[in-house]
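> First the structure, which I've put down as structure tokens, then a few questions once you've had a look.
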Amino acid sequence: MMSIRSLPALAAVTALALSAGALAADLRVQCYSDGNECEVLGDLAKRFETENAGTKVLIDQVPFKAVVETLPVQLAAGQGPDIARVADLGGLSKYYLDLAPLLPAASVKHLQDNFASSLNWFRAGPADKGVYGLMSQLTVTGAYVNKTLFEQAKVAIPGAGATWDQWMEAASKVAQATKTPFAMAMDRSGHRFAPLAVAYGAKIFDPAGKPVIDAGYQAAARKFVDWHKAGLMPKEVWGGVGGSQYRDAFEEFANGRVVVYYSGSWQVKRMDAQVTKAFDWGVAAAPCGPAGCTAMPGGAAYVAFKSSKQPAEAAKFIAFLARDAIYREMMARTDNIPAHLEVAKAGVVYNASPVAKAALNSFVADVPKIAKANFELQGYRYNRAFFLPTAQRLGQAVAGEMSTDDALKRLAMDLDEQVAAASK
């Protein structure tokens, strides 16, 4: 029997399993959903169980916050699930189980060939050649546009090649004409801020490979804070929560409070389910800056851990998910962009509405435009040392707790300190 459980029930269920005596081949998979990923994983797990008699796959569904905050603590204590769906690929690399010694050579080659562009994101450094998991989705950041508001305001939607400033100018006109509270919103996330920074010239790394808050990053930060001060963006998103806490702005967009919402491809299914009936929406091409037009890559992955009590079964389950037909179905049913080379080449027939399919195709079209710096940042082992202080310090500047210049100074110090601490 396979079950899907929520985090609050996990402790009780785990205790019951221990008291009853869990089967030797019980495989625990921790999963969070952007849309329906855990439900789809549960269906696929039933097929795996059919092929592997005696193995029970237990899907523990948790909120994303638990993956970010609780899972690292569990792993540091030598506990945690056998497999988890994670987004901090490099940051958790020291806990990953190398699948290669546990799988047939053909399965290892299949993973290496089809996920070649993302395997480095899991690795500890250039000398690391391990195979640790597979991307359950490739994500691309982008701007969601309330097309109905543009139509009502009789303002033309900016086309491909439009700059961030042009988007803000157009969205501001729409907001004024339609009495919409704000022109634009962006998820409170350093990951979401990175495309704006690189578009304005941020190199992310200096020539020696050291991460830096350079002039381009600073220019983008000043622009971003000024947009908030001008009332063009809702302060409560970045300035309304403390620390480095993540907060998306989906509800602001869904409720018609912003004209343009900068988030990513993982929101498509949610957008279609909750927004399509309310107003027309679409996804814009990557906004541009003086240094180019770029999005930010990312995604989530299924990885196995060294602490797993069932390493062979964990490796076998990940290899099962990597099969062409299984992976293609997983992408089609979850409306996600494939990171699997052969599946991407063959294409995915999405079980989605026309508007959702158009949105997914817009994100796919932006993949070749992604700047090298953004790919390098996503694959950087300590990228959270960039992402988390960016959310915290720019959030403080937006809230008026400190000046932008002071926020940038603290951000640079935070980056150096966190990278040094993580490198020990």
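Throughout, read-outs are computed from the coordinates displayed, never taken from laboratory work. Computed from a predicted structure; not experimentally measured. Note: ideal-geometry Cβ built from the backbone for every residue, glycine included; neighbour counts use all protein chains shown.
> Please turn the phi angles of segment 172-181 into ³J(HN,Hα) values with the Karplus equation 6.51 cos²θ - 1.76 cosθ + 1.60 (θ = phi - 60°), one per residue in order, whole Hz, x for glycine and proline.
For segment 172-181, the Karplus curve yields 5, 4, 5, 4, 5, 5, 9, 6, 7, x Hz.
> For the chain, which cysteines have no second Cys with its Cβ under 4.7 Å from theirs?
Lone cysteines by the Cβ rule: none at all.
> Using only the C-alpha atoms of segment 301-407, find the volume of their convex hull and express it per residue in Å³.
Expressed per residue, the convex hull around the Cα atoms of segment 301-407 is 184 Å³.
> Run the numbers for E236 and D214: contour at 0.36 nm per residue of separation, minus the present Cα-Cα distance, in nm. Let's see the in-between values first.
Details: separation 22, 0.36 × 22 = 7.92 nm, distance 2.70 nm.
Stretched fully, the E236-D214 segment lengthens by 5.2 nm.
> Can you give the local net charge around T55? Use residues other than it whose beta-carbon is closer than 14 angstrom to its beta-carbon, Lys and Arg +1, Asp and Glu -1. Each step should come with its number before you reach the end.
Values: positive: R28, K46, R47, K56, K309, K316; negative: D26, E49, E51, D82, E313.
With Lys, Arg at +1 and Asp, Glu at -1, the net is +1.
> Mind jotting down the three principal axis lengths of segment 190-229 based on Cα atoms? Whole angstrom, largest first.
36, 18, 13
> If the label point is 7 Å along Cα→Cβ of N255, which residues in segment 279-294 have backbone nitrogen under 17 Å from it?
Within reach of a label on N255, which here means backbone N under 17 Å from a point 7 Å along Cα→Cβ, segment 279-294 contributes 279.
> Quote the FRET efficiency, to the nearest 0.05, computed for A346 versus D165 with a Förster distance R0 of 41 Å and r equal to the Cβ-Cβ distance.
The calculated FRET efficiency here is 0.55.
> On to the next question. Tell me, what ³J(HN,Hα) does each residue in segment 328-341 have, in order and in whole Hz, if you take phi through Karplus 6.51 cos²θ - 1.76 cosθ + 1.60 with θ = phi - 60° and put x for Gly and Pro?
In residue order, the calculated couplings are 4, 5, 4, 5, 5, 7, 9, 6, 10, 7, x, 9, 8, 4 Hz.
> Any chance you could list P(r) for segment 99-244, counting all Cα-Cα pairs in 5 angstrom bins from zero, rounded to whole %?
2, 8, 13, 14, 14, 12, 10, 9, 7, 5, 3, 1, 0
> For segment 258-356, what ratio Rg/Rh do Cα atoms give with a Kirkwood hydrodynamic radius?
Radius of gyration over Kirkwood radius for segment 258-356 works out to 1.06.
> Taking the Cβ-Cβ separation of E51 and S353 as r and a Förster radius of 45 Å, what is the calculated FRET efficiency to the nearest 0.05? Walk me through the numbers on the way to the answer.
Numbers: r = 33 Å, r/R0 = 0.74.
Efficiency computed from Cβ-Cβ geometry: 0.85.
> Taking the Cα centre of segment 207-284 as the origin and placing charges on Cβ (Lys, Arg +1; Asp, Glu -1), which of G231, S263, P211 is farthest toward the positive end of the dipole?
P211
> To the nearest 20 Debye, how big is the dipole of the chain about its Cα centre, given +1 on the beta carbon of each Lys and Arg and -1 on that of each Asp and Glu?
100 debye
> Something else about it: Among K109, K235, K316, determine the one that fluctuates most according to a GNM of the chain built with springs between C-alpha atoms less than 10 Å apart.
Looking only at K109, K235, K316, the biggest GNM fluctuation is shown by K109.
> Hey, another quick one. What's the FRET efficiency of D416 with S117 using the Cβ-Cβ distance as r and R₀ = 45 Å, to the nearest 0.05?
0.90
> Taking amide hydrogens as modeled 1.01 Å from N in the peptide plane, which residues meet the under 5 Å criterion relative to G264, leaving out close sequence neighbours?
Correct list: G142.
> Within 13 Å, Cβ to Cβ, of G292, how many net charges do the neighbouring residues add up to if Lys/Arg are +1 and Asp/Glu are -1? Before the final figure, lay out each step's value.
On the way: positive: K203, K369, K372; negative: D366.
That works out to +2.
> While we're looking at this one, here's another question. Take every Cα-Cα pair in segment 154-196 and report what % of them are more than 16 Å apart. All intermediate terms of the calculation are to be shown ahead of the outcome.
On the way: 405 of 903 pairs.
Result for the distance tail: 45 percent.
> Name the long-range amide H neighbours of G298: under 5 Å, sequence gap of 5 or more, or other chain; modelled H, no Pro or chain starts.
Under 5 Å from the amide H of G298: T139.
> 222 nm [θ] for the chain, helices only, -39500 (n - 2.57) per DSSP H run of 4+, per residue, to 500?
-14000 deg cm²/dmol
> Pairs to check: K94/K309; K173/K229; K223/K277; K306/K424; K316/K372; K203/K345. Give those whose C-alpha atoms are more than 24 Å from each other in this structure.
On the way: K94/K309 17 Å; K173/K229 17 Å; K223/K277 34 Å; K306/K424 20 Å; K316/K372 33 Å; K203/K345 31 Å.
Beyond 24 Å between Cα atoms: K223/K277; K316/K372; K203/K345.
> I've got another one for you. Could you tell me the extents of the chain's C-alpha atoms along the three principal axes, largest first, rounded to whole Å?
Projected onto its principal axes, the Cα set of the chain covers 63, 48, 41 Å.
> Enumerate the calculated ³J(HN,Hα) couplings along segment 379-395 in order (Karplus 6.51 cos²θ - 1.76 cosθ + 1.60, θ = phi - 60°), each rounded to whole Hz, writing x wherever the residue is Gly or Pro.
Calculated HN-Hα couplings, in order: x, 6, 4, 10, 5, 5, 5, 8, 5, 5, x, 4, 5, 5, 6, 5, x Hz.
> Around I337, which amide H atoms from residues at least 5 apart in sequence, or from another chain, sit under 5 Å from its own amide H, with H modelled in the peptide plane?
Residues meeting the criterion, in which the H sits 1.01 Å from N, are L138.
> Regarding segment 167-306, what are the three Cα extents along the principal axes, ordered largest first, in Å?
49, 42, 31
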